[in-house]
């Protein structure tokens, strides 16, 4: 059971956490406007780790009950019950509170993105950017654009 919880704790889909594989990679950025948001739940996973850990623990615990014949039967029952309980614990531990963000792109297309709840709170009308890296998509608040005279100018490319 502890192995299940440890494995679940290592997994995240938080928009505030970037995976090591996505670091130092160029991302595609698209400007959009938030149309709506709604809370959703991302269903937990069942990788088999929880079931396996539960079966081992249940089998060992059950086999220590009674005499030789009873310990085999109770060990098998314990393994089956442990596997079912382990799967249930893993699914519950990996369920995440998330947010569905409906956005409208500048070209008029609409998209819906589901991501784990992060630090940012989105409201209809907010300017956001959609960042795509390695097939993963996240929504984040658009950076403020400054048009002051002291802002850095766009680089010029010399013409030949």
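Go through (1) surrounded by 15 or more Cβ atoms within 10 Å (Cβ to Cβ); (2) at pLDDT 90 or above for residue 127 and report which single condition fails.
(1)
Which ones in the stretch 17-47 are touching a helix residue (DSSP H, G or I) at 6+ places or on another chain (Cβ under 8 Å) and modelled with pLDDT under 70?
44, 45, 46, 47
Among the residues of the stretch 91-105, which ones are modelled with pLDDT under 70 and surrounded by 15 or more Cβ atoms within 10 Å (Cβ to Cβ)?
91, 93, 94 - these are the residues of the stretch 91-105 that are modelled with pLDDT under 70 and surrounded by 15 or more Cβ atoms within 10 Å (Cβ to Cβ).
Does residue 138 meet the test of being at negative phi, part of a strand (DSSP E or B) and surrounded by fewer than 18 Cβ atoms within 10 Å (Cβ to Cβ)?
No; evaluated as a whole, the condition is false for this residue.
The values are calculated or read from the model by the stated rules, or taken from the named source; none is laboratory data. Small disclaimer: the values here were computed from a predicted structure and weren't measured. Counting neighbours? That spans all protein chains shown, and the Cβs are built from the backbone with ideal geometry, glycine included.
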